[in-house]
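Data block below; observations after.
The values are calculated or read from the model by the stated rules, or taken from the named source; none is laboratory data. From a predicted model like this one, the values you see are computed outputs, not experimental measurements. A quick note on method: Cβ atoms are made from the backbone with ideal geometry, for glycine too, and the neighbour counts reach across all protein chains shown.
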Amino acid sequence: MTEIPEHLLKRSRDAKRALGLDVPAEAGAAPAEASAQSANAPAVAAPTTGAPVPIPASEPPPPEPPKSEWVANAESRKKIPYWVMPVLLFLPVWLIMYVGTLEEPTRSEGVLYEGGEVYAENCASCHGAAGGGGVGPAFNNGAVIETFSNFEDQVAWIVHGTQGYLDAGRETYGDTERALGGSGANMPNFGEPLEAAEILWATFYERIELSGHGEDLAFAEALFAAYDHGELELPEHFAEGIDGDFEAEIEELLAGIRAELTESEEVAAG
């Protein structure tokens with residue numbers, strides 16, 4: 001076998017190295033140095049023996065933006081206790097149950113109650129259930145007091161009505177001198193169907209409750225108490241004419257009650 005000359009082998013190894021090919025080392029010789037790294041190859045850090053690799057410190061987080069005043073106040077405000085919400089949810093149910101146990105208060109005595117009963121049965125059909133008017137004139141907003149400043153004059157009108165005033169030669173009635181029949185309807189005569197006491201209580205009801213004249217309340221209650229205790233005797237009916245015996249029978253007692261009320265008010269005022 002022909003032996004290749006040494007200078008040719010060396011030339012062949014040099015050519016391979018130039019091309020970046022691995023070339024086995026010559027027998028007995030030191031291993032050849034590794035070829036230079038390519039310029040595009042990434043750099044590799046040299047390994048350390050046993051020492052931990054330090055982790056680079058991260059930057060601290062940015063500070064939180066300042067809270068607005070209303071947010072700070074809301075967060076610092078005392079929170080509603082947890083037990084409040086169930087109570088609030090149950091409250092409407094409890095209110096309905098409670099209201100259902102209440103009874104509507106009833107007033108079954110007194111001058112205004114008695115007068116309201118008489119008014120509802122005999123007067124409301126013409127003057128309205130609440131005195132707002134209808135076939136007859138309205139009683140609200142002081143209308144009754146404007147027409148009859150005197151209690152006795154209103155009683156006489158209720159007792160005798162339009163026909164009684166015509167029979168007495170009158171053409172008008174009341175302080176405002178309203179024409180008889182001017183509203184298109186005549187006032188009935190209640191002196192016969194109603195008792196004297198019923199007419200008195202209905203008159204007070206119209207003046208106080210419907211027309212709002214509270215100044216008559218003390219007088220009405222005193223008159224009702226005198227009648228209820230037997231101190232005031234009334235005829236069964238007011239049947240005389242408008243200038244008849246009506247005032248003569250009760251005027252003295254009415255004047256006495258008014259005088260006592262006036263004296264009591266003066267004493268209370270000091």
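Residue by residue, here is whether (1) at pLDDT below 95; (2) farther than 19 Å from G191 by Cα; (3) loosely packed, with under 14 Cβ neighbours inside 10 Å; (4) out of contact with any Phe, Trp or Tyr (no Cβ under 9 Å at 6 or more places or on another chain) holds:
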residue: A120; (1), (2), (3), (4): no, no, yes, yes
residue: C126; (1), (2), (3), (4): yes, no, no, yes
residue: G132; (1), (2), (3), (4): yes, yes, yes, no
residue: G136; (1), (2), (3), (4): yes, no, no, yes
residue: N140; (1), (2), (3), (4): yes, yes, no, yes
residue: S149; (1), (2), (3), (4): yes, yes, yes, yes
residue: V155; (1), (2), (3), (4): yes, no, no, no
residue: V159; (1), (2), (3), (4): yes, no, no, no
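Annotation note: of E192, E231, the sole residue that is assigned to a loop (DSSP other than H, G, I, E, B), at pLDDT below 90 and out of contact with any Leu (no Cβ under 9 Å at 6 or more places or on another chain) is E192. When the test is whether a residue is on the phi < 0 side of the Ramachandran plot and crowded, with 18+ Cβ neighbours inside 10 Å, E192 does not pass it. Do you know which residues across region 156-203 are in contact (Cβ under 8 Å) with a residue 24 or more places away in the chain and of a type in the set (D, E, K, R)? Across region 156-203, the qualifying residues are D167, R170, D175, R178, E192, E195, E198. Number of residues in region 253-266 that are at pLDDT below 75 and loosely packed, with under 10 Cβ neighbours inside 10 Å: the value is 0. Within region 126-155, being farther than 20 Å from P193 by Cβ, of a type in the set (A, V, I, L, M) and in contact (Cβ under 8 Å) with a residue 12 or more places away in the chain holds for A130, A143, V144, I145.
Residues that are over 33 Å from the mean Cα position of the chain (by Cα), of a type in the set (A, V, I, L, M) and not in a loop (DSSP other than H, G, I, E, B) within region 126-156 comprise V144, I145, V155, A156, listed in sequence order.
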